[in-house]
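Here the structure is laid out as structure tokens; the discussion comes afterwards.
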Amino acid sequence: MNTELFLLTTGVLLLVSLVVGRVGGRLGVPGLLLFLGVGMLAGSDGLGIEFGNYALAQGLGTLALCFILFQGGLSTDWRETRPVVPRGLVLATLGVLLTAGVMATFAHYVLELPWLVAWLLGAIVSSTDASAVFSVLKERQLALKGDIAPLLEFESGGNDPMAVFLTVGILTLIEHPELGVASIAPLFVRQMLIGAALGYGLGRLGLWALRRLPLQFEGLYPVLTIAIALLIFGGTALAGGSGFLAVYIAGVIIGNATFAHKRSLISFHDGLSWLMQVLMFLTLGLLVNPHELLPTAGAAMLAALALVFLARPLAVFVSLLPFGMPLREVSMVAWVGLRGAVPIVLATFPLLAGVPHAQSLFNLVFFMVLTSVLLQGTTLPQVAGLLGVREHFEEPPSYPISFTPTGHGKNDMVEVEVAPGSGADGAMIMDLPLPEEALIMLVHRQGEYLIPKGPTELRGGDSLLVLASPGELDDLRRCLQAPSA
């Protein structure tokens, strides 16, 4: 294929994916599933595009996951995530191990796979997919009660390293059976510790660069953040740590700090993350020939049902049992066990390593991902409503002004709602004991914007755009939300 034809084909596939994804969103079908479908239809069994380069697909998938996890970290609100960190860590480690173990047992006794191959299948499908979870929750505009959403996002962003480690570790045991299971345990500890340490340290260094490195043009700052993400991921991996964990932690550190052009950079990485998702799912769809899935369809359907209704719920309920979460919330977490591109990318590892049963494993995994996204992704709103954990989704207001921090100042623009029945409800702005470094910029009330003045009377439900220092945010919220004495 010449360059012009390649570019034309890529553009057409991207455009078709976006159009199909838009239509599918209205019908309640997750866009990720449709992106895979477009790739499959364009492949050798459809339009005839021949693509079988598993190494290239694996490299593209790894690159895409780097930026997807970095964006996931950037968009993580640490204030909401902090309370769920212990539960998220247990789900991302013990939960992944339990899922892999249950699936390995099923694959060995039901699908009659050798034990190590069965464990390999379990490891490949053991983690939820960050790109699938992030995108489906946004696409379906699904608001969940309590801290279910931050828990799901933290788990999906943090459990990929465990799945990668298990997959690589079991592949090592298959290739070198003389090594015992205990020999790979120190590898896991080293990867996690190095990944966490370098993710934090390099994330702080990247934040310093964003704040202190002056660039001539604003358009160069996205280049800087891309370089930061790639350096953190690649450097950590070369140092023997988990690049996936490191780049996610770095994203959280950078996304919860103040620096120049933060709003535009987060918007850029959101677009880049979507581009990576579309390209990744298109590429993975091109890898598969639908006629090759048919011989494994029966076994794959059984495995998919075991994953959705047995392995995932059992792992979640056991992992969250010590935390006393309400049964409804635990059940919702168990159902949002979406599998996506990560298992398919991991399924290319055995193919490149020449492991027996590798092609059958790949076809099994692909079918299981399709089933997971189709079954779980399309029913999330209904299950959330049935369990009573769905909340009304409110589109955040789009203010007609924006604030770009310089990175050197100490103020930030925040949105604070006036609580009904609070001391601020019915009070004039000039009578409120606002912190000294807080300035109300705009009042959003029932779809209209009001320019605030001293005599402006606030009402419960008003959304205020306030310029304030981070140190006075608690006092500001207390002033606007504390019950009237």
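One table, with the values for the structure above:
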quantity: Residue within the range 250-268 that is modelled with pLDDT of 85 or more and among the charged types (D, E, K, R) present; calculated: no
quantity: Qualifying residue in the range 277-291 (condition: without any contact (Cβ under 8 Å) to a residue 40 or more places away in the chain and assigned to a helix (DSSP H, G or I)); calculated: no
quantity: Identity of the residue in the range 454-473, in contact (Cβ under 8 Å) with a residue 60 or more places away in the chain and surrounded by 14 or more Cβ atoms within 10 Å (Cβ to Cβ), that ends up nearest to S422 (Cα to Cα); calculated: S463
quantity: Residue check for T172: assigned by TED's automatic domain parsing to the domain that holds A358, part of a helix (DSSP H, G or I), at pLDDT 90 or above and surrounded by fewer than 18 Cβ atoms within 10 Å (Cβ to Cβ); calculated: no
quantity: Pairs where the first residue, in the range 305-327, is in the same structural domain as P86 (by TED's automatic domain parsing) and closer than 11 Å to M103 by Cα and the second is buried (at least 16 other Cβ atoms within 10 Å of the Cβ) and among the charged types (D, E, K, R), C-beta under 8 Å, 6+ apart; calculated: L307/R339
quantity: Residue list for the range 320-365, filter: small (G, A, S), under 24 Å from the mean Cα position of the chain (by Cα) and either loosely packed, with under 15 Cβ neighbours inside 10 Å or part of a loop (DSSP other than H, G, I, E, B) (or both); calculated: G337, G340
quantity: Counted residues, the range 436-451 - those being surrounded by fewer than 18 Cβ atoms within 10 Å (Cβ to Cβ) and either closer than 15 Å to V414 by Cβ or without any contact (Cβ under 8 Å) to a residue 40 or more places away in the chain (or both); calculated: 10
quantity: Of the criteria (1) surrounded by fewer than 22 Cβ atoms within 10 Å (Cβ to Cβ); (2) touching a residue at least 12 places away in the same chain (Cβ under 8 Å); (3) of a type in the set (F, W, Y); (4) over 30 Å from T225 (Cα atoms), which one W78 fails; calculated: (4)
quantity: Which listed residue, of L224, L231, L179, L238, is under 24 Å from A347 (Cα atoms) and modelled with pLDDT of 90 or more; calculated: L238
quantity: Residue count, the range 93-128 (criterion: within 18 Å of the chain's Cα centre (by Cα), buried (at least 24 other Cβ atoms within 10 Å of the Cβ) and not in a loop (DSSP other than H, G, I, E, B)); calculated: 3
quantity: Test set (1) under 30 Å from G122 (Cβ atoms); (2) in contact with a Gly (Cβ under 8 Å, 6 or more places away or on another chain) - L202 fails condition number; calculated: (1)
quantity: Residue count, the range 429-440 (criterion: at pLDDT 85 or above and in a strand (DSSP E or B)); calculated: 1
quantity: Filter result for the condition that a residue is free of Cβ contacts under 8 Å to residues at least 40 places away in the same chain, part of a helix (DSSP H, G or I), more than 18 Å from L91 (Cα to Cα) and in the same structural domain as V117 (by TED's automatic domain parsing), over G219, G199; calculated: G219
quantity: Filtered residues of the range 230-260 (kept if of a type in the set (S, T, N, Q) and not in a helix (DSSP H, G or I)); calculated: S242, N256, T258
quantity: Lone unmet requirement of (1) within 20 Å of the chain's Cα centre (by Cα); (2) of a type outside the set (F, W, Y); (3) surrounded by fewer than 19 Cβ atoms within 10 Å (Cβ to Cβ) for P290; calculated: (1)
quantity: Any hit, the range 261-276, residues being touching a residue at least 60 places away in the same chain (Cβ under 8 Å), farther than 24 Å from G169 by Cβ and not in a helix (DSSP H, G or I); calculated: yes
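Yes/no per residue for (1) at pLDDT below 85; (2) touching a Pro at 6+ places or on another chain (Cβ under 9 Å); (3) among the acidic types (D, E):
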site: P420; (1), (2), (3): no, no, no
site: D425; (1), (2), (3): no, no, yes
site: Y449; (1), (2), (3): yes, yes, no
site: P455; (1), (2), (3): no, no, no
site: L467; (1), (2), (3): yes, no, no
site: L476; (1), (2), (3): yes, yes, no
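The values are calculated or read from the model by the stated rules, or taken from the named source; none is laboratory data. Predicted model, so just to flag it, every value in this text is computed and none were measured. For neighbour counting, all protein chains shown are included, and Cβ atoms are generated from backbone atoms with ideal geometry for every residue, glycine included.
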